[in-house]
Each structure stands twice: as C-alpha cells, then as structure tokens.
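The values are calculated or read from the model by the stated rules, or taken from the named source; none is laboratory data. All values reported here derive from a predicted model rather than from experimental measurement. As a convention, Cβ positions derive from the backbone with ideal geometry for all residues, glycine included, and neighbour counts pool all protein chains shown. The protein model used for the area step is the full one, side chains on, heavy atoms only, and it has no ligands, DNA or RNA in it. Shrake-Rupley method; radii C 1.70, N 1.55, O 1.52, S 1.80 Å.
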Amino acid sequence: MEPLNREGSADRPRSAGGQQSGRVIVIGPYLRMRRGDADAQANEAARDSEARLDEATGLARAIDLTISDALIAPISQIRPATYLGKGKVEEITGLIAGHDIELVVMDCALSPIQQRNLEKAWNTKVLDRTGLILEIFGRRAKTKEGSLQVELAHLNYQRSRLVRSWTHLERQRGGFGFMGGPGETQIEADRRLIGDRITRLENELKKVQATRRLHRAGRQRVPYRVVALVGYTNAGKSTLFNRLTRADVQAADMLFATLDPTLRALSLPHGGKAMLSDTVGFISNLPTQLVAAFRATLEEVLEADIILHVRDISHEDAEAQERDVDTVLRQLGIDPDSGAGILEVWNKIDRFDPEERENLRNIATRRPPERPCFLVSAVSGEGVNELLTAIEDRLAATRTTLDLSIDASDGAGISWLHRNAEVLNKELHGGRFDMTVRVDETKRDIVVSRFDAVPHVA
C-alpha cells in the first residue's frame, strides 16, 4: 500500500475569522500517474496534487475550520464502496483516532453510499468537495437572490443523500384509529418536503430571472453595454473591479470572497460608459447543482458584450485554472475558443520582476489576434489604461459614429438621443447643437432618417 503523503500539521495557522470549529483533516484522494510516464510529467502531476490539496485547505479555511492536518492519499482506482482502498481507510482511521478529528474533508465528489460508509468506518462526519463548496456559498450569500440560489443547490444535493442512520427513519406515521393506514416512512416524508421546497424556490428564482430581464431591457434602452468579469476564484476579479470602477466591493485573499453579483458604471477613456459586472468565481469541479442554480446570475455573462477572463498569471496552476474556467463557460453555452467578445486579463504581474514581466509581454504579443491578452496589476494599476482602451475599441467596433445638427429647442429629440445613443460631443452654434453620437446598428437607420445624420469623419 502506498503511504499517505502528509502536507500539513497540527500547528497550521487558523483561519482569518479566528473561530475554532473542531479539528479537521483534509484528504486529497488523487489518482496517481501510471508507470511509464516521463519524469517531467510525473513531477508536474505531483505539483498539481499539492496545488489541489492547498486549494482544498483554502476552501476549508474559508468557513473558519481549524485544519489539523492535510494529506495526499494517492489511489490507483476509485472504489465503489468507500472511494479509497481498504488499507487507506484503515490507515486514516488511526490518524483520526490519534488526533481527535471531528470532521474529514474529502477533496472529491463522494456518492451517498461512499459518504455513509466512510462516516461509519471513521466514526466522524465526512464532507466532500461539493458539500464544502455549498457550505461556503451558504455563508457568503448576502442578498435574497443569492440565498435562494444556494438553498436550491443545497436541497438538490441533499435529496440524493437521504441515506442516514437515524432511528426515526423506520417509524410509520398512520391515521386515526382503524381508519389509519401504514402512512409514510420518515425518509419518504423528508424527500417529499424537500421536493416541495425545491419547487417553491424554482418559482421564486423564475421571478428573479424576469426582474433581471427587465433590468437588462432598461440598460439596452439607455443604452449601456455590459462588460462581465469571469475567472477562477481568487484571481483578483473584485480588486480589478474596484480599480476600474472606483467601487468598494469586498476584495480579500480568500476563495469565494465575492458571491453575489455586482454592477457598477465603467467610465471609458473617451467619455463613454459601460456597465461592469463582477460575478462569482469559478473553481475546478464546480458542482453541477451550483452551475444550474446560479444560471440566473450568470445570465449577466451570457448577455455581456465583452467578457474579461481574469487570470492569476502568478499562480503555479494558472493554465489548469484557465481550462477550468473554459469548461464552465462551455457549460453556459459560451465557446471560449471562438475569441468573440473575450479578452484575457493576466492579473498580478506586480509579483514578477522586470525580466519576468518582459518575458510575459513577449508571450502575449505572440498570441493570435482573436485571443488577445493584457498584462495588468489590479493592485498597482499597471496596464489598466491599456485594458480600458481595448474595451472601448472592442465596443466601438460594433457601433456606428454619426454627426448631426439639431435645433436647440428640440428638447424631445435631444432627450431621445441621450437615452438611445452615446453622445460623444455636443457643441452649441447659432441656436443649434452639433452632435457626434455613437449608436448600435439596430438604431442607426432611425438616427439617420430622423436627424439627417451622416457618418462621422475622424
């Protein structure tokens, strides 16, 4: 039996919250590389396993769990009954008993049977990756919408796990006297109650989606273009959001620091405006329940004119994180390989020395033009102006710039232009306003016919 690879110790620092929630052990049951692979590939796999375990411990600390130990448990295959092999289960049993562990976090997706069998073998609570992420989301949700989405995801997760060992599951609930039948078992009642609650939550979320559609329709009438931030959790999206919009959204070195979506006005270099949306961070093996529940929120990404894929380019697993984000985008129906409307933002370049930065710039310049990337530091502001210029250029490419002259007394016409176009310039000459406006193609003909507008000559 291959020994456990210990990656933590009891004297690890506590979480930022400082709360103690019992002693916890985090286990990474990762499939090991098969024999015959190149040494470099094997070393890469080992590094990936350590990075994955470090991420799992970060998730646990995000809900103020006190990590007693963190271990990599290499496995050759997944066992249907316990996920781990019998020998590893027994070895971990000894560790749990010796450290007085109250919770075991398994960095994998466990089936209900696997979770129940491990809890029996270890005589302690077992939480898998999906349950851990759901717990984090439950604590992070601040708005009513976020709470609804998390509860819906959690109930869908719980519905498949009604395999508990409580004695009341065997009781029968009958009627009155001889009229009573056998009634429901408690597990059937629980399943029915969960199903009823899920239906109510889905109906409430449909109302939220309808409200969002109204808000989007309002922005389209103004019109405001939408730029959405996406990226792996802790890639620095909220810090960049604050830098671009001068907002004060919570930004912390913590997984899933931001959960509820936020929109703010974004000022572009030449006076234009857009709406910037900060969305929930993605993560590897994001539970399908969360992708489905948060679809209403992530519709902001689907409706965005430009998607900024923010990457922590200093992270050792930056390329793997990029693939994970692309996977979630595909689940949402967005093809990241098309390059249409997606700009990559390589964040945290302040962590590199000048020579390393120059090397990154050389790599960026060799990328295909349909997949451009921009080097920025959300902390220092380096590269932000170039990014804003690129956003403005990309938005302008889908719009038409027109010149027109309108009587200063035509208040209705001037008001209509301000509501339906982006006014770039407005000067008063002899009782008439000479204006330069930028409009969507859908409104171009209206502006031309109503105001005798002509194409702008730079």
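Some values worked out for this structure:
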{"read-out": "Test for T262: is it open to solvent by 20 Å² or more (accessible area, probe 1.4 Å), at pLDDT below 85, within 24 Å of R419 (Cα to Cα) and within 14 Å of the chain's Cα centre (by Cα)", "value": "yes"}
{"read-out": "Residues of the stretch 399-439 classified as of a type outside the set (S, T, N, Q) and over 27 Å from V226 (Cα atoms), total", "value": "13"}
{"read-out": "D452, sole failed condition from (1) open to solvent by 80 Å² or more (accessible area, probe 1.4 Å); (2) of a type outside the set (A, V, I, L, M); (3) free of Cβ contacts under 8 Å to residues at least 40 places away in the same chain", "value": "(3)"}
{"read-out": "Scan of the stretch 139-161 for residues that are farther than 19 Å from A62 by Cα, among the charged types (D, E, K, R) and open to solvent by 60 Å² or more (accessible area, probe 1.4 Å), ordered by number", "value": "K144, R159"}
{"read-out": "Check on S9, on the phi < 0 side of the Ramachandran plot, in contact with a helix residue (DSSP H, G or I) (Cβ under 6 Å, 6 or more places away or on another chain), modelled with pLDDT under 60 and not in a helix (DSSP H, G or I)", "value": "no"}
{"read-out": "Extreme residue, most open to solvent (accessible area, probe 1.4 Å), among residues of the stretch 360-398 that are within 18 Å of R225 (Cβ to Cβ) and of a type in the set (V, I, T)", "value": "T398"}
{"read-out": "Top-ranked residue in the stretch 404-447 [being among the acidic types (D, E) and open to solvent by less than 40 Å² (accessible area, probe 1.4 Å); ranked as nearest to G271 (Cα to Cα)]", "value": "E422"}
{"read-out": "Set S284, S277, S238: member being part of a loop (DSSP other than H, G, I, E, B), modelled with pLDDT of 75 or more and either open to solvent by less than 20 Å² (accessible area, probe 1.4 Å) or not charged (D, E, K, R) (or both)", "value": "S284"}
{"read-out": "Elements of type helices (runs of 4 or more DSSP H) contained in the stretch 109-159, each with 3 or more residues being within 19 Å of the chain's Cα centre (by Cα) and over 17 Å from I194 (Cα atoms)", "value": "129-140, 144-159"}
{"read-out": "Close pairs from the stretch 320-347: first in a loop (DSSP other than H, G, I, E, B), partner surrounded by 14 or more Cβ atoms within 10 Å (Cβ to Cβ) and of a type in the set (K, R), Cβ under 9 Å, at least 6 apart", "value": "L332/R295; P336/R371; D337/R371; G339/R371; G341/R394"}
{"read-out": "Residues of the stretch 348-371 satisfying the condition of being in contact with a strand residue (DSSP E or B) (Cβ under 8 Å, 6 or more places away or on another chain) and not in a loop (DSSP other than H, G, I, E, B)", "value": "I349, R357, L360, R361, A364"}
{"read-out": "Test: T82 is of a type in the set (S, T, N, Q), at pLDDT 85 or above and in contact with a helix residue (DSSP H, G or I) (Cβ under 6 Å, 6 or more places away or on another chain)", "value": "yes"}
{"read-out": "Among the residues listed as S405, S377, S415, S409, the single one being assigned to a helix (DSSP H, G or I) and of a type in the set (S, T, Y)", "value": "S415"}
{"read-out": "Filtered residues of the stretch 76-93 (kept if in contact with a strand residue (DSSP E or B) (Cβ under 8 Å, 6 or more places away or on another chain) and crowded, with 17+ Cβ neighbours inside 10 Å)", "value": "Y83, L84, G85, K88, I92"}
